[in-house]
Amino acid sequence: MGVSTDAILAYGYELPEFDPEELEWVEEDEDGYTDFHDSVEKRLRAAGVEGVSVTSHCSVDYPMYLLTTTERRSWRGSVGKVDAHEMVARPVSEGWDAKLDAAMKALGLTSPQERPSWLLVSDWG
């Protein structure tokens, strides 16, 4: 069994490196494990923010996070097609920046970015 590296193209914010367990609103499951994705989903739902989710990248052992409105993956050996016109039009027509800003506020997080953008990252796992 080998290791695969995927490319991920996503629209959103890069989140700073942090330990999700240090965030007071990240919950543990019945086995004592924290699930950052589920905790973000619950917090955003409670704040009425829709269409935003967490995208993990880097590796399973050392996850890094993006807050995104959309993502496209391309697996090793595959070709991922990108529509440049769609990349320009959708963030504006679907109000992605406002959704992402509301999500960042609801989560109490900051980003090294001034505004959302298209991000290209890799995921090894």
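If the condition is being part of a helix (DSSP H, G or I), aliphatic (A, V, I, L, M) and within 26 Å of Pro16 (Cβ to Cβ), then segment 63-119 contributes Met87, Ala98, Leu100, Ala102, Ala103, Met104, Ala106, Leu107. Asp6 meets the conditions (1) surrounded by 17 or more Cβ atoms within 10 Å (Cβ to Cβ); (2) in a strand (DSSP E or B) in every case but one. The failed one is (1). Of everything in segment 26-58 that is touching a Leu at 6+ places or on another chain (Cβ under 8 Å) and part of a loop (DSSP other than H, G, I, E, B), the residue that is least open to solvent (accessible area, probe 1.4 Å) is Val52. Restricted to segment 65-124, and to residues there that are open to solvent by less than 50 Å² (accessible area, probe 1.4 Å) and among the polar types (S, T, N, Q), the residue that is farthest from Val49 (Cα to Cα) is Ser74.
Total residues in segment 1-23 satisfying the condition of being charged (D, E, K, R) and at pLDDT 90 or above: the figure is 2. Among the conditions (1) closer than 12 Å to Gly12 by Cα; (2) of a type outside the set (D, E, K, R); (3) touching a Cys at 6+ places or on another chain (Cβ under 6 Å), Ala103 misses just one, which is (3).
The values are calculated or read from the model by the stated rules, or taken from the named source; none is laboratory data. Note that this is a predicted model, so its numbers are computed, not measured. Glycine also receives a Cβ, built like all others from the backbone with ideal geometry; neighbour counts cover every protein chain displayed. For the accessible areas, the whole protein counts, side chains as well, though only heavy atoms, and no ligand, DNA or RNA atoms are used. Shrake-Rupley method; radii C 1.70, N 1.55, O 1.52, S 1.80 Å.
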